[in-house]
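A short worksheet on the structure shown next.
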Amino acid sequence: MNLNATMLGQAISFVIFVWLCMKYVWPPLTALIEQRQRDIAEGLIHTENASKELELAKANGEKLLDDAKKSANELVEQGNKRRAQIIEDAQAEGEKEKARIIAQGQAEVESDRNRLRQELRAEISDMVIETAQKLIARNLDTDANRDLVNKLIKDM
């Protein structure tokens with residue numbers, strides 16, 4: 001009986017140990033395991049959400065980058081159009097100024113030409129009058145008059 005009593009004592013001790021473990025050790029352990037499972041599940045959910053947010057942020061970033069590139073290209077294109085317009089306007093203004101200067105120069109040339117004509121007419125008139133006075137004063141013959149007129153023509 002001694003062996004049976006020892007075994008029975010060990011069995012009772014084991015049952016008491018198991019009961020104590022289930023009463024005092026097991027509930028905190030299961031609570032700790034359940035809490036750890038919840039933390040892991042939440043971590044996985046957060047990781048999944050963060051991954052989705054990262055992909056969304058990448059897509060938004062690419063869209064913003066594409067929009068910025070399009071906007072920059074539009075600004076460059078507008079700048080090129082504006083530059084071409086400014087050059088075209090400057091060329092047109094230059095052509096107008098050129099035409100104005102040429103017209104002004106032509107007007108000055110025409111004015112000088114008319115002034116010179118007037119001066120020449122006045123000189124020729126004076127010479128003709130002078131020649132007529134000399135012819136009348138000398139009252140020479142026809143050959144002498146011709147010689148005088150030819151000489152005056154050469155002087156002009």
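Tally Lys/Arg at +1 and Asp/Glu at -1 over every other residue whose Cβ is under 12 Å from the Cβ of Q91; what's the total?
Cβ neighbours under 12 Å give a net charge of -3.
Two decimals, Cα atoms only, Kirkwood Rh: what is Rg/Rh over region 68-134?
1.68
Once the other residues with Cβ under 13 Å from the Cβ of T30 are scored (Lys, Arg +1; Asp, Glu -1), what is the net sum?
Neighbourhood net charge equals +2.
Restricting to lysine pairs 8 or more places apart or on different chains, what number in the chain have Cα atoms under 24 Å apart?
8
With θ set to phi - 60° and the Karplus curve 6.51 cos²θ - 1.76 cosθ + 1.60, what are the ³J(HN,Hα) couplings of region 118-132 in order, to the nearest whole Hz, using x for Gly and Pro?
4, 4, 5, 4, 5, 5, 5, 4, 4, 5, 5, 5, 4, 5, 4
When the helix-only estimate is applied to the chain (DSSP H runs of n ≥ 4, each -39,500 (n - 2.57), divided by the residue count), what is the mean residue ellipticity at 222 nm, nearest 500 deg cm²/dmol?
My calculation for the chain gives -35000 deg cm²/dmol from helical runs alone.
Report, to the nearest whole %, how much of the accessible area of the chain belongs to carbon and sulfur atoms, 1.4 Å probe, protein only.
60
In whole Hz, with x marking every Gly and Pro, tabulate ³J(HN,Hα) for region 2-15 from phi via Karplus 6.51 cos²θ - 1.76 cosθ + 1.60, θ = phi - 60°.
With the stated coefficients, region 2-15 comes to 4, 5, 5, 5, 5, 5, 5, x, 5, 5, 5, 4, 4, 5 Hz.
Where does the charge balance sit around A41 when Lys and Arg score +1, Asp and Glu -1, over other residues with C-beta under 13 Å from its C-beta?
Its environment carries a net charge of -2.
Leaving out ligands and nucleic acids, note down the accessible area per residue over region 60-116 with a 1.4 angstrom probe, in whole Å².
With all protein chains present, region 60-116 gives 88 Å² per residue.
The values are calculated or read from the model by the stated rules, or taken from the named source; none is laboratory data. Fair warning: this is a prediction, and the values are worked out from it, not measured in the lab. Backbone-built Cβ (ideal geometry, glycine too); neighbour counts: all protein chains shown. All accessible areas refer to the heavy atoms of the entire protein, side chains included, with ligands and DNA or RNA removed. Shrake-Rupley method; radii C 1.70, N 1.55, O 1.52, S 1.80 Å.
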